[in-house]
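To keep things clear, I will list the structure first and then write my remarks on it.
The values are calculated or read from the model by the stated rules, or taken from the named source; none is laboratory data. In this text the structure is predicted, and so the values were computed from the model without any measurement. Don't worry about glycine lacking a Cβ; one is built from the backbone with ideal geometry, like all the others, and counts go over all protein chains shown. Note: areas computed on protein heavy atoms with side chains; ligands, DNA, RNA excluded. Shrake-Rupley method; radii C 1.70, N 1.55, O 1.52, S 1.80 Å.
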Amino acid sequence: MNTTSIGMPAFPEAAREALNNRTLRGNLRHATHTIRAKRARAVAEVSDWAELREAGKRIKDHTLAHLDRYLEQLEETVTAAGGTVHWAADAAEANRIVTELVRATGESEVVKVKSMATQEIELNEALEAAGIRAYETDLAELIVQLGEDRPSHILVPAIHRNRGEIRDIFRTKMASWGRPAPEGLSDDPAELAEAARLHLREKFLRAEVGVSGANFMVAETGTLVVVESEGNGRMCLTLPETLISVVGIEKVVPTWRDLEVFLQLLPRSSTAERMNPYTSMWTGTTDGDGPRAFHLVLLDNGRTDTLADEVGRQALRCIRCSACLNVCPVYERAGGHAYGSVYPGPIGAVLSPQLRGTASEIDASLPYASSLCGACYEVCPVAIDIPEVLVRLRERVVEGGPAVRNGNRVLLRPAKGHAAERAAMRAAGWALARPGVLRTGQRLASRTRGFRPRTLPGPGRAWTATRDLPAVPAEPFRDWWLRTRGGKDDAR
């Protein structure tokens with residue numbers, strides 16, 4: 001995967017800075033609570049939501065189990081419809097392919113519809129290095145780009161900004177990217193949206209190259225699908241002469257019938273709508289209608305490595321709805337930037353360490369960026385058991401072990417800083433496997449409970465800094481059981 005924010009500190013340190021920002025916390029609290037309340041109402045309207053959720057899970061699992069077959073079918077159908085398919089093993093290869101395709105057109109500008117895959121590979125930076133300027137057209141992405149910022153949410157990348165901050169960004173930055181903001185621009189949402197519309201319209205009308213992602217790809221017909229709420233995506237998909245779509249290989253679905261399930265799950269889980277205002281679909285090229293050239297770049301970038309993990313692969317079911325972010329107590333307080341990835345929140349905590357590995361400080365800390373409360377699993381429309389994957393990744397960080405990297409089986413070394421945790425777990429495992437030792441330890445703890453410290457020493461100090469040590473009972477459960485009716489029943 002790319003190196004976005006890999007040099008940043010571990011999650012606890014990055015989150016600590018966010019926790020001290022009251023404006024950020026207020027923005028996040030208001031936005032996440034509003035979105036999740038609307039989502040709950042939208043989901044409650046569907047009587048068979050549980051069945052839809054199970055269907056989405058099964059379709060994704062089936063597709064991932066036969067991903068090679070469906071990707072080959074997709075290549076055949078896209079090619080038959082007039083498109084060209086490119087395969088990119090990693091970010092560098094994807095960026096090279098897109099850069100060469102843009103250069104071949106002779107253009108030095110591209111317009112983009114929101115695409116997390118292009119953010120993942122840092123396509124904008126690669127194009128800029130080649131002398132090509134990329135213009136984001138999604139309103140939230142435009143705010144992030146003008147503010148020289150990074151996305152902090154999957155659905156609403158500028159969720160950490162309030163109206164006043166957006167107004168100031170438009171006033172000071174729009175002119176350097178094109179049409180300036182209107183004089184006297186206020187923080188009224190309608191005025192901000194109109195300023196963005198006027199700024200982007202001139203770019204749409206002159207753009208010859210568009211770059212997109214896709215929410216889904218239908219192997220049966222070679223159709224790509226983008227859902228959005230503003231209409232900017234449709235402008236990017238239809239006006240340019242050349243369209244380049246960069247899409248992760250996990251976004252394929254087998255048939256149109258399968259697509260129907262996700263077009264019910266996604267809008268209610270993300271924007272809390274019965275359907276998205278704009279659902280754009282295109283299949284190859286058609287004379288006199290839309291782009292004359294279509295290129296599909298299928299991106300791996302760690303996905304087949306993730307697929308090799310029987311537990312972790314379920315993260316590839318993700319349809320990028322962001323429901324897990326909006327219910328996560330950790331994300332609500334820390335925000336998206338602390339995760340050091342384009343994928344923040346609970347899904348980022350399980351996806352980024354699998355795509356990028358756990359060698360860096362930030363990625364080794366992400367599996368711990370969770371309370372394991374399970375709220376993320378409850379709202380996930382494709383039933384990704386994020387807590388299960390988090391525990392799996394924590395084990396990998398602490399113990400190391402076998403994994404797949406770049407298609408090769410490797411033996412990972414344990415991450416630094418977890419020696420005490422490994423020793424404690426091994427000691428606990430040894431004691432729990434020996435009933436006599438466990439019994440002696442329990443009785444010793446009960447008899448010395450008056451000497452129990454309020455805080456733990458050494459590495460345990462961080463744990464007890466925010467938690468009370470549980471009280472030690474006057475007698476072990478085993479002794480209580482023998483002393484009560486339970487023990488007498490056992491004797492009989």
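Looking at L299, L372, L366, L325, can you tell me which residue is in contact with a Leu (Cβ under 9 Å, 6 or more places away or on another chain) and either closer than 20 Å to E122 by Cα or open to solvent by 10 Å² or more (accessible area, probe 1.4 Å) (or both)?
Step by step, each of L299, L372, L366, L325 is checked, and only L372 is in contact with a Leu (Cβ under 9 Å, 6 or more places away or on another chain) and either closer than 20 Å to E122 by Cα or open to solvent by 10 Å² or more (accessible area, probe 1.4 Å) (or both).
Does the range 190-202 contain at least one residue that is part of a loop (DSSP other than H, G, I, E, B) and either among the aliphatic types (A, V, I, L, M) or touching a residue at least 12 places away in the same chain (Cβ under 8 Å) (or both)?
No; the residues of the range 190-202 include none that is part of a loop (DSSP other than H, G, I, E, B) and either among the aliphatic types (A, V, I, L, M) or touching a residue at least 12 places away in the same chain (Cβ under 8 Å) (or both).
Go through the range 25-47 and report how many residues are open to solvent by 70 Å² or more (accessible area, probe 1.4 Å) and over 22 Å from the mean Cα position of the chain (by Cα).
4
Scan the range 166-187 for residues that are part of a helix (DSSP H, G or I) and either at positive phi or touching a residue at least 12 places away in the same chain (Cβ under 8 Å) (or both) and jot them down. Steps first, answer last, please.
Narrowing the range 166-187 to residues part of a helix (DSSP H, G or I): 166-177.
Hits for the range 166-187 are I166, R167, I169, F170, R171, K173, M174, W177.
Does the range 154-162 contain any residue that is free of Cβ contacts under 8 Å to residues at least 60 places away in the same chain and among the charged types (D, E, K, R)?
Within the range 154-162, not a single residue is free of Cβ contacts under 8 Å to residues at least 60 places away in the same chain and among the charged types (D, E, K, R).
Which ones in the range 411-444 are of a type in the set (D, E, K, R), under 21 Å from P353 (Cβ atoms) and open to solvent by 60 Å² or more (accessible area, probe 1.4 Å)?
Correct list: R413, K416, E421.
Restricting the search to the range 363-380, which residues are out of contact with any Asp or Glu (no Cβ under 8 Å at 6 or more places or on another chain) and within 13 Å of Q314 (Cβ to Cβ)?
Answer for the range 363-380, where residues must be out of contact with any Asp or Glu (no Cβ under 8 Å at 6 or more places or on another chain) and within 13 Å of Q314 (Cβ to Cβ): C376, C380.
Only residues that are polar (S, T, N, Q) and either without any contact (Cβ under 8 Å) to a residue 60 or more places away in the chain or surrounded by fewer than 18 Cβ atoms within 10 Å (Cβ to Cβ) (or both): list them for the range 305-322, please.
The answer is T306, and nothing else.
Hey, can you tell me all the residues within the range 98-116 that are more than 17 Å from M235 (Cβ to Cβ), touching a residue at least 12 places away in the same chain (Cβ under 8 Å) and either open to solvent by 10 Å² or more (accessible area, probe 1.4 Å) or touching a Phe, Trp or Tyr at 6+ places or on another chain (Cβ under 6 Å) (or both)? Walk me through how you get there before you give the answer.
As a first pass, look at the range 98-116 and keep what is more than 17 Å from M235 (Cβ to Cβ): 98-106, 108, 116.
Next cut, touching a residue at least 12 places away in the same chain (Cβ under 8 Å) only: 98-99, 101-103, 105, 108, 116.
Correct list: T99, L101, R103, T105, S108, M116.
Report every pair of residues separated by at least 6 positions or lying on different chains whose Cβ atoms are under 6 Å apart, first residue within the range 451-462 and in a helix (DSSP H, G or I), second at pLDDT below 80 and open to solvent by less than 100 Å² (accessible area, probe 1.4 Å).
Short answer, once both residue conditions are applied: P459/A420.
Is one or more of the residues making up the range 2-13 under 28 Å from D258 (Cα atoms), surrounded by fewer than 19 Cβ atoms within 10 Å (Cβ to Cβ), out of contact with any helix residue (DSSP H, G or I) (no Cβ under 6 Å at 6 or more places or on another chain) and hydroxyl-bearing (S, T, Y)?
Looking through the range 2-13, none of the residues is under 28 Å from D258 (Cα atoms), surrounded by fewer than 19 Cβ atoms within 10 Å (Cβ to Cβ), out of contact with any helix residue (DSSP H, G or I) (no Cβ under 6 Å at 6 or more places or on another chain) and hydroxyl-bearing (S, T, Y).
Are any residues in the range 210-252 buried (at least 23 other Cβ atoms within 10 Å of the Cβ), closer than 26 Å to E194 by Cβ and of a type in the set (S, T, Y), and if so, which ones?
Answer for the range 210-252, where residues must be buried (at least 23 other Cβ atoms within 10 Å of the Cβ), closer than 26 Å to E194 by Cβ and of a type in the set (S, T, Y): just S212.
Exactly one condition in (1) touching a residue at least 24 places away in the same chain (Cβ under 8 Å); (2) in contact with a helix residue (DSSP H, G or I) (Cβ under 8 Å, 6 or more places away or on another chain); (3) open to solvent by 20 Å² or more (accessible area, probe 1.4 Å) is false for Y339; which is it?
(3)
Let me spell it out: the conditions are (1) outside any loop (DSSP other than H, G, I, E, B); (2) at pLDDT below 95; (3) not charged (D, E, K, R), and A415 meets all of them except one. Which number is the exception?
Exception for A415: condition (1).
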